[in-house]
Amino acid sequence: EKDYDILRLLQRNDKLTVRDIAQRVHLSPTPTHERIKRLEQAGVIKQYAALLDNRKLNRKLMVLCLVSLKEHDKQTAHDFVRGIVAFKEVVECFNIAGEYDFMLKIITENMETYHDFFINYLGEVKGIGKAQSVFVMDIIKDTHELIP
């Protein structure tokens, strides 16, 4: 339960000091620091990062692109993944089940820059059989918090 309390605090504000966290979870700083290090080493805490507002950085268009591969073999999937991870516009990529094989979350400046990306970059990735773009009109819920 103490680990969850620590994680809850860190996911809301990773700038808290160990001393601040220790005080809030009713532990001394040393065991609190040890717990945090253990959570980091176990991969529970993957990284610390600033969450940026893409709209304020002139990246106002978010697109969910559903992709089906031409062939369903290891090499085709490997080629696709290798091509996708290199694109800065693709901020998330999910391997999914169903009609499509992958879902990409793509953020660009506007429709014109997305069109350029779709035609000149995504369209050149080996192995894509079909792609469907879904344009996000509004974000209703956007959180990174896993532990309420």
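The values are calculated or read from the model by the stated rules, or taken from the named source; none is laboratory data. Keep in mind it's a predicted model, so treat the numbers as computed, not measured. No Cβ is skipped: glycine too gets one built from the backbone with ideal geometry, and neighbour counts run over all protein chains shown. For accessibility, only protein heavy atoms count, side chains too; no ligands or nucleic acids. Shrake-Rupley method; radii C 1.70, N 1.55, O 1.52, S 1.80 Å.
What single numbered condition from (1) farther than 18 Å from ASP142 by Cα; (2) open to solvent by less than 90 Å² (accessible area, probe 1.4 Å); (3) of a type outside the set (A, V, I, L, M, F, W, C) fails to hold for ASN54?
The one condition ASN54 does not meet is (1).
Looking at the structure I just gave you, is ASP5 in a helix (DSSP H, G or I), under 27 Å from HIS115 (Cα atoms) and not hydroxyl-bearing (Ser, Thr, Tyr)?
In short, no.
For region 57-69, give me each residue that is open to solvent by less than 100 Å² (accessible area, probe 1.4 Å) and not hydroxyl-bearing (Ser, Thr, Tyr).
Of everything in region 57-69, those that are open to solvent by less than 100 Å² (accessible area, probe 1.4 Å) and not hydroxyl-bearing (Ser, Thr, Tyr) turn out to be LEU57, ASN58, ARG59, LEU61, MET62, VAL63, LEU64, CYS65, LEU66, VAL67, LEU69.
I want to confirm something. Restricting to region 20-37 and keeping residues that are free of Cβ contacts under 8 Å to residues at least 12 places away in the same chain and part of a helix (DSSP H, G or I), which single residue is surrounded by the most Cβ atoms within 10 Å (Cβ to Cβ)?
That would be ALA22.
Give all pairs with beta carbons closer than 9 Å in which a residue from region 1-12 that is under 11 Å from LEU39 (Cβ atoms) and in contact (Cβ under 8 Å) with a residue 12 or more places away in the chain meets a residue that is charged (D, E, K, R) and surrounded by fewer than 15 Cβ atoms within 10 Å (Cβ to Cβ); count only pairs at least 6 apart in sequence or on separate chains.
ASP3/ARG38; ILE6/ARG24
Which pairs have Cβ atoms under 6 Å, sit 6 or more apart or on different chains, and link a residue in region 132-148 that is more than 16 Å from GLU109 (Cα to Cα) to one that is of a type outside the set (Ser, Thr, Tyr) and surrounded by 10 or more Cβ atoms within 10 Å (Cβ to Cβ)?
Once the first residue is more than 16 Å from GLU109 (Cα to Cα) and sits in region 132-148, its partners that are of a type outside the set (Ser, Thr, Tyr) and surrounded by 10 or more Cβ atoms within 10 Å (Cβ to Cβ) give GLN132/LEU66; GLU145/GLN11; ILE147/LEU7; ILE147/ARG8.
Kindly indicate whether VAL136 is touching a helix residue (DSSP H, G or I) at 6+ places or on another chain (Cβ under 7 Å), open to solvent by less than 60 Å² (accessible area, probe 1.4 Å) and of a type outside the set (Ser, Thr, Tyr).
Considered against the rule, which asks whether it is touching a helix residue (DSSP H, G or I) at 6+ places or on another chain (Cβ under 7 Å), open to solvent by less than 60 Å² (accessible area, probe 1.4 Å) and of a type outside the set (Ser, Thr, Tyr), VAL136 comes out as no.
Those residues that are surrounded by 15 or more Cβ atoms within 10 Å (Cβ to Cβ) and over 18 Å from LYS130 (Cα atoms), I need them from region 70-108; list them, please.
PHE87, GLU89, ILE107, THR108
How many residues does region 82-107 contain that are free of Cβ contacts under 8 Å to residues at least 40 places away in the same chain, within 16 Å of PHE118 (Cα to Cα) and not small (Gly, Ala, Ser)?
10
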